[in-house]
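One structure is given below, encoded as structure tokens.
What follows is calculated from the coordinates using simple rules that are stated; it is not laboratory data. Everything numeric in this text was worked out from a predicted model, so none of it was measured. All Cβ positions, glycine included, derive from the backbone under ideal geometry; neighbour counts span all protein chains shown.
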Amino acid sequence: MENKEWKLLEKVVMASTLEQKRSRRWGIFFKSLTFIYLFLILVIAVKSPLLGKGGSFKEGVGHTAVIDIQGVIAENEQASADNIAGSLRNAFEDKNTKGIILRINSPGGSPVQSGYVYDEIKRLRSIYPNVKLYAVISDLGASGAYYIAAAADQIYADRASLVGSIGVISSSFGFVDLMDKLGVERRLYTSGENKAFLDPFSKQKKSESEFWKKVLSVTHQQFIKRVKEGRGDRLKDDPSLFSGLIWSGEQALELGLIDNLGSTGFVAREIIGAENTINFTLKKDPIEQFIDKLGMSVGSSLAQSLGLTNPGPLR
């Protein structure tokens, strides 16, 4: 009997030892995998000392600097004023830069961010008068994106590009009737008669709507002024030009919103005369990009599970 118990105990110990060995092997495997992954990221970062500069770089050879403006123009996005302005400064300061192209594919965004970039372009062009800056619109160059493009020496686009949308929009929702149907009582406490300005859970006030329209109108006039400053007498006298409409590249050419039809390669080769291009767009290093993507993925999943949404911005 004791012999059987001893054998059983021996089997249990052996099984436990084997399980521990397997766990150690898997632990070593995953740790090695993580190390290899981080090592590869480090190698990529080291091999890219000019992070954000892509293309065939040759010391002493003139090149066209390319800066991408893609997606929504906003403070925490890739197309933020800080990123674009930093890219512009690096491009202008590079002694081998023969010309700069803003490669635009954006629906616009914050008028404040667009205004910052517009001012920075004007400042840098005054410091480096011999370096011309061109805007090339691919699929879309609308609203705040066109605001920025207007600061360029010339604007190019494709025949089918969408250009314009010179206007300002602000949108929200009203939930008053829905709350009444659900029997929900709104309790709002403020200090200051306009502190609950445009509250979506309160009835809309005519005085507030009229005031907000004036704010939008002032912002619109600022937009129009910058476009006229940038484009000058190239703009046609058309009453619909600043109405918020958007046109094809072919129509935009007729209206004076762009100077000609052409791609980034065409402008670099035929206009600037430096076919070799280098991308000066500031980008985060691979590790930061990975962390941001992981964080965005987790945040997006959490927001969806909670049913959270963000209000539409002024644009």
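Values for this structure:
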| read-out | value |
| --- | --- |
| In order through segment 245-252: 3J(HN,Hα) via Karplus (6.51 cos²θ - 1.76 cosθ + 1.60), integer Hz, x for Gly, Pro | 5, 10, 10, 6, x, 5, 5, 4 |
| Calculated FRET efficiency for the pair LEU182/SER263, C-beta based, R₀ 45 Å, to 0.05 | 0.25 |
| Gain in span if fully extended, GLU210 to ASP238, counting 0.36 nm per residue against the direct Cα distance | 7.4 nm |
| Alpha carbon convex hull of segment 192-276, volume per residue in cubic angstrom | 189 Å³ |
| Net charge over other residues, Cβ less than 9 angstrom from the Cβ of ALA150 (K, R count +1; D, E count -1) | +2 |
| Distance from segment 75-89 to segment 164-220 (C-alpha centre basis), Å | 31 Å |
| Inter-label distance for ARG24 and ASP119, nm, one decimal - labels placed 7 Å from Cα along Cα-to-Cβ | 6.4 nm |
| Magnitude of the charge dipole, segment 162-232, Cβ model with Lys/Arg +1 and Asp/Glu -1, debye to 20 | 340 debye |
| Difference of contour (0.36 nm per residue) and Cα-Cα distance, ASN96 to LYS203 | 32.5 nm |
| Sequence-distant residues sharing a close amide H with ILE104 (under 5 Å, placed H) | ILE69, VAL136, ILE137, SER138 |
| Trypsin sites (Lys or Arg not before Pro) within segment 80-130: DSSP coil, no more than 12 neighbouring Cβ in 10 Å | LYS95 |
| HN-Hα J in Hz across segment 167-178 - Karplus 6.51, -1.76, 1.60, θ = phi - 60°, x for Gly and Pro | x, 10, 9, 9, 9, 7, 10, x, 10, 4, 5, 5 |
| ASN130-GLU275 FRET efficiency (beta carbon distance; Förster radius 25 Å; 0.05 resolution) | 0.85 |
| For segment 102-185, radius of gyration divided by Kirkwood radius, i.e. Rg to Rh on alpha-carbons | 1.28 |
| Computed Rg/Rh of segment 122-248, alpha carbon atoms with Kirkwood Rh | 1.15 |
| Chain lengthening between ALA196 and SER171 when straightened (0.36 nm per residue, less Cα-Cα) | 7.4 nm |
| Mean Cβ neighbour count within 10 Å, used as a protection proxy, ranking 184-194, 206-216 highest first | 206-216, 184-194 |
| Vicinal HN-Hα couplings computed from phi for segment 150-155 (Karplus, 6.51 cos²θ - 1.76 cosθ + 1.60; Hz; Gly/Pro x) | 4, 7, 6, 5, 8, 10 |
